[in-house]
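I have placed the structure first, in the form of structure tokens, so that the comments after it can refer back to it.
No lab work stands behind these numbers, since they all come straight from the coordinates. Computed from a predicted model, the values in this text were never measured in an experiment. When we count neighbours, we look across all protein chains shown, and the Cβ atoms used for this are built from the backbone with ideal geometry, even at glycine.
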């Protein structure tokens, strides 16, 4: 454990944008209820009162008729967010973001459950992370919607029939004839191999069926919640704060926007991340540290009660809308591109601040950024053997290493 820089904040304010529930509720054509991007933002700042005064001045100048600035009301303009970032910088704070393309996250989930279920402790080696990312790229870029629909149907109604349909959809999308060392050929090979394991283990047994699907979480109504982007985004931000703080988390306060539906899931996810320190399944990342030796405090509050949460709402809303428009092929203006890039390159200041992206390389480029892998995750020789995460790590770590930007 290293000592945290005394200037690193101990208070972090969280809010999200693009919530549409878990990824088993994709909507027609995988449009995710017209919210294909999920963003979780954290504003690290100790002087919330100072931020309140500055945010009030921005509001009076930009939207004098409003009592509160909210992204959902159209207040997260490039000018507002730029001035907000100036204020955070002036107060010695910083911003952390997780930007997730839901279709890519779904593809990564399929790689790590249906096709490459957990097998060994080597799953968190850099070679394995790199290899899985290549397969997720291929699945995301080249699979029709019915591949994802079949997988989602298996999640929502686990059974021998639905799982076999999910495998068949993958095999139909990746027909024979491609070399196994190419990503498309590797996906077909692992689909066939996993299907064989599924049959041999006893495809009719519910406990076997669950092995080849992501672990669900119980929702507040008692119904299972599948593949919640908020969960992996939150735990990765928590690990990034741990990295910033040099492991000294006992004094950290995390104030999250009120979450009546997912609060307990996030609390349990936080505990699961902290518990990984007691195992050998801790993935080494340059900008996140899952070796927790101290625990931070997590509370939930409505945005009306916290200026820090209001700031996180504006930043998350801006980033979500920018990424959504860019990936839809809509033109983005120079001012918006400059602010998005500024958010991305906050990580140049310290390892932990800035933006991580769960999206394909092509989509990172479409957002106006240069993709780059975590520098600790590099290929080392051929990656042609089945590798996967420990079940707990799969659930907590977001399935494949997120991208930073260069």
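Let's test the formula: R0 of 30 Å, r as the Cβ-Cβ distance of residue 49 and residue 291. What FRET efficiency results, to the nearest 0.05?
Working: r = 34 Å, r/R0 = 1.12.
The value I calculate is 0.35.
Quick one: if you stick a label point 7 Å off each Cα along the C-beta vector at residue 215 and residue 90, how many nm between them?
4.6
Taking 7 Å along the Cα-to-C-beta vector as the label spot, tell me the residue 278-residue 328 distance in nanometres, rounded to one decimal.
That separation, rounded to one decimal, is 4.6 nm.
Please give the length that would be gained between residue 268 and residue 253 if that part of the chain were fully extended, namely 0.36 nm times their separation in residues minus their C-alpha to C-alpha distance (nm, one decimal). Walk me through the intermediate numbers first.
Values: separation 15, 0.36 × 15 = 5.40 nm, distance 1.67 nm.
This chain segment gains 3.7 nm when fully extended.
With the cut-off at 1.5 for a/c, could you classify the range 284-350 from its C-alpha gyration tensor as rounded, prolate or oblate?
Numbers: a/c = 2.49, a/b = 1.40, b/c = 1.78.
Cα axes put the range 284-350 in the oblate bin.
So for 261, 290, fewest C-beta neighbours within 10 Å to most, what's the order?
On the way: 261 14, 290 23.
The most exposed by this proxy come first: 261, 290.
Quick check: Cα centre of the range 154-185 to Cα centre of the range 64-81, how many Å?
Value for the Cα centre distance between the two parts: 45 Å.
Relative to the present Cα-Cα distance, how much length would full extension add between residue 301 and residue 199 at 0.36 nm per residue of separation? Kindly include the intermediate steps, with their values, before the conclusion.
Details: separation 102, 0.36 × 102 = 36.72 nm, distance 4.77 nm.
Between residue 301 and residue 199, full extension yields an extra 31.9 nm.
Just order 196-203, 243-250, 148-155, 54-61 by mean Cβ neighbour count inside 10 Å, highest at the front, would you?
Numbers: 196-203: 14.0, 243-250: 19.5, 148-155: 22.6, 54-61: 16.2.
Packing order, densest peptide first, comes out as 148-155, 243-250, 54-61, 196-203.
I need 37, 254 ordered by Cβ neighbour count within 10 Å, fewest first.
Numbers: 37 28, 254 22.
The order, fewest Cβ neighbours first, is 254, 37.
Would you kindly state how much longer the chain becomes between residue 365 and residue 60 on full extension, computed as 0.36 nm times their sequence separation minus their alpha carbon distance, in nm to one decimal? Write out the running numbers ahead of the final one.
Details: separation 305, 0.36 × 305 = 109.80 nm, distance 3.61 nm.
Extra length from residue 365 to residue 60 when fully extended: 106.2 nm.
Per the Kirkwood formula on distinct C-alpha pairs, the Rh of the range 152-279 is how many angstrom? Please report the intermediate quantities before stating the final value.
Numbers: mean 1/r = 0.0565 Å⁻¹.
Its Kirkwood hydrodynamic radius stands at 17.7 Å.
P(r) for the range 113-217, please, calculated from all Cα pair distances in 5 Å bins and given in %.
Going from the shortest bin to the longest, the percentages are 2, 12, 22, 25, 20, 14, 4, 0.
Could you list 167, 238, 322 in order of exposure, starting from the residue whose Cβ has the fewest other Cβ atoms within 10 Å? Intermediate values should be presented prior to the final figure.
Details: 167 22, 238 29, 322 25.
Lowest count first: 167, 322, 238.
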